[in-house]
Amino acid sequence: MEKNMDYDKLGRETKTHGKGKHIVTYALLTLWAVIVLFPFYWMLLTSVKSYSAYNSEYIPQFFTLSPTLQNYVDAFTAVPLGSYLLNTLIFAVVTTAIMLVVITLAAFAFARLDFKGKNLVFVLFLALMMIPNELVIITNFVTVTNLELRNTFAGLILPSVTSVFYIYLLKENFEQIPDSLYYAAKVDGTSELKYLWKVMLPISKPTLVTVTILKVIECWNSYVWPRLITDDEAYYLVSNGIQEIRENGFGRENIPAMMAAVTVISLPLLLLFLLFRRKIMEGVVRGGTKG
């Protein structure tokens, strides 16, 4: 009887300890979420404040009783923000589409095909990740300038159509596919490209989705290369447009209008990440796990 009472007491203590641990964990996660999300809240809040209301605040207010959408109207009328968004969309979609073809073929070659010196070539290929981006940018700038591709979409897109990291990620994913599927396909007379298209790509869909989303985000946030290779407003991306907005659109003091423009620019990426966050996590786990 006493033993049963001891077990019951131990069980209650374990349960209490477990609940306390969960409470502390959720409290810390909530605090971290508030810290991470607060800048986004402040950006959105500032974007719906009028210019006069914002400047009259000697102490920052964490809410507003008179929100306005005039700043968003100004974001599309004071500067060609719609044109910047369209240019960025074209740049992101075309670059990502070409890159997917390039990295898929490269990853398939390294993962499935046998050729002399494959391992050495792959090691040298990975070594490219050690080269500073600044050196690559200088080389790309000279090449694009010599080809007279400045202020063109081709000049913007071509240097970004491959990625050593994405090739490595996709190669690791391809190598997880059992060899038995490949041998069975070869017995049926399936060609290499057909096997890639019909078997490997459907199995690797989560990783491909992850790579696609990450590349779109990378293109959307690209700043240094577009700023370097374009000086024609007709080819500005949203990242370059922010500086144009600040200097020639709203001015340096109209912070609410600036925040409205930044909100419009950031919203597509936030929605993309929220919609596909599970796919991103699944693809990263599948790409980085072997066995």
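The values are calculated or read from the model by the stated rules, or taken from the named source; none is laboratory data. A quick note: this is a predicted structure, and the numbers were derived from the prediction, not measured. Here the Cβ positions follow ideal geometry from the backbone for every residue, glycine too, while neighbour counts run over all protein chains shown.
Please tell me if Lys186 is among the basic types (Lys, Arg) and either crowded, with 16+ Cβ neighbours inside 10 Å or modelled with pLDDT of 85 or more (or both). Spell out how you get there, then give the answer.
Numbers: among the basic types (Lys, Arg): yes; either crowded, with 16+ Cβ neighbours inside 10 Å or modelled with pLDDT of 85 or more (or both): no.
Spelling it out, it is not the case that Lys186 is among the basic types (Lys, Arg) and either crowded, with 16+ Cβ neighbours inside 10 Å or modelled with pLDDT of 85 or more (or both).
What pairs can you find where one residue is in the range 261-282 and closer than 30 Å to Glu244 by Cα and β-branched (Val, Ile, Thr), the other is modelled with pLDDT under 80 and assigned to a helix (DSSP H, G or I), and their Cβ atoms are less than 8 Å apart, with a gap of 6+ or different chains?
That search, which allows pairs on different chains as well, returns Val262/Ile242; Ile265/Gly241; Ile265/Ile242.
So which residues in the range 158-190 are more than 24 Å from Ala92 (Cα to Cα), β-branched (Val, Ile, Thr) and assigned to a loop (DSSP other than H, G, I, E, B)?
The answer is Ile177, Thr190.
Only one of Leu69, Leu86, Leu81 is surrounded by fewer than 17 Cβ atoms within 10 Å (Cβ to Cβ) and assigned by TED's automatic domain parsing to the domain that holds Ile255. Can you tell me which?
Details: Leu69 fails: assigned by TED's automatic domain parsing to the domain that holds Ile255; Leu81 fails: surrounded by fewer than 17 Cβ atoms within 10 Å (Cβ to Cβ).
Exactly one of Leu69, Leu86, Leu81 is surrounded by fewer than 17 Cβ atoms within 10 Å (Cβ to Cβ) and assigned by TED's automatic domain parsing to the domain that holds Ile255, namely Leu86.
Which of the residues that make up the range 35-53 are surrounded by 10 or more Cβ atoms within 10 Å (Cβ to Cβ), in a helix (DSSP H, G or I) and modelled with pLDDT of 85 or more? Give the steps one after another, and end with the answer.
Our first condition is that a residue be surrounded by 10 or more Cβ atoms within 10 Å (Cβ to Cβ); within the range 35-53, this holds for 37-38, 40-51, 53.
From what's left, in a helix (DSSP H, G or I): 37-38, 40-47, 51, 53.
Of everything in the range 35-53, those that are surrounded by 10 or more Cβ atoms within 10 Å (Cβ to Cβ), in a helix (DSSP H, G or I) and modelled with pLDDT of 85 or more turn out to be Leu37, Phe38, Phe40, Tyr41, Trp42, Met43, Leu44, Leu45, Thr46, Ser47.
Being within 22 Å of the chain's Cα centre (by Cα) and either charged (D, E, K, R) or more than 24 Å from Ala92 (Cα to Cα) (or both) narrows it down to one of Lys198, Lys205, Lys194, so name that one.
On the way: Lys198 fails: within 22 Å of the chain's Cα centre (by Cα); Lys194 fails: within 22 Å of the chain's Cα centre (by Cα).
The conditions single out Lys205.
For Asp231, only one of the following conditions fails: (1) surrounded by fewer than 20 Cβ atoms within 10 Å (Cβ to Cβ); (2) under 24 Å from the mean Cα position of the chain (by Cα). What is its number?
Here Asp231 clears every test but (2).
Give just the number: which of (1) surrounded by 20 or more Cβ atoms within 10 Å (Cβ to Cβ); (2) free of Cβ contacts under 8 Å to residues at least 60 places away in the same chain; (3) not charged (D, E, K, R) does Gly117 not satisfy?
Result: Gly117 fails condition (1) only.
How many of the residues making up the range 228-243 are assigned to a helix (DSSP H, G or I), modelled with pLDDT of 85 or more and in contact with a Lys or Arg (Cβ under 8 Å, 6 or more places away or on another chain)? Talk me through it step by step, then tell me what you get.
Of the range 228-243, the ones assigned to a helix (DSSP H, G or I) are 228-229, 233-235, 238-243.
Those left that are additionally modelled with pLDDT of 85 or more: 228-229, 234-235, 238.
Narrowing further to those that are in contact with a Lys or Arg (Cβ under 8 Å, 6 or more places away or on another chain): 229.
Result for the range 228-243: 1.
May I ask you to list the residues in the range 218-227 that are part of a helix (DSSP H, G or I) and surrounded by fewer than 17 Cβ atoms within 10 Å (Cβ to Cβ)?
Step one: filter the range 218-227 for residues part of a helix (DSSP H, G or I), giving 218-221, 224-227.
Result: Glu218, Asn221, Val224, Arg227.
Could you check Asn71 against (1) without any contact (Cβ under 8 Å) to a residue 24 or more places away in the chain; (2) under 14 Å from Pro256 (Cα atoms) and say which number it fails?
With (1) without any contact (Cβ under 8 Å) to a residue 24 or more places away in the chain; (2) under 14 Å from Pro256 (Cα atoms) applied to Asn71, the lone miss is (1).
Looking at the structure I just gave you, is Leu181 in the same structural domain as Leu274 (by TED's automatic domain parsing) and under 30 Å from Leu270 (Cα atoms)? Show your work before the answer.
Numbers: in the same structural domain as Leu274 (by TED's automatic domain parsing): yes; under 30 Å from Leu270 (Cα atoms): no.
So Leu181 does not fit the description; no.
Is there any pair with a first residue in the range 137-160 that is more than 12 Å from Ile98 (Cβ to Cβ) and a second that is among the hydroxyl-bearing types (Ser, Thr, Tyr) whose Cβ atoms are under 6 Å apart and which are 6 or more apart or on different chains, and what are they?
Once the first residue is more than 12 Å from Ile98 (Cβ to Cβ) and sits in the range 137-160, its partners that are among the hydroxyl-bearing types (Ser, Thr, Tyr) give Asn151/Thr230; Asn151/Tyr235.
Which one of these is in contact with a Phe, Trp or Tyr (Cβ under 7 Å, 6 or more places away or on another chain), in the same structural domain as Ile137 (by TED's automatic domain parsing) and surrounded by fewer than 20 Cβ atoms within 10 Å (Cβ to Cβ): Leu193, Leu269, Leu237?
Values: Leu193 fails: in contact with a Phe, Trp or Tyr (Cβ under 7 Å, 6 or more places away or on another chain); Leu237 fails: surrounded by fewer than 20 Cβ atoms within 10 Å (Cβ to Cβ).
That would be Leu269, the only listed residue that is in contact with a Phe, Trp or Tyr (Cβ under 7 Å, 6 or more places away or on another chain), in the same structural domain as Ile137 (by TED's automatic domain parsing) and surrounded by fewer than 20 Cβ atoms within 10 Å (Cβ to Cβ).
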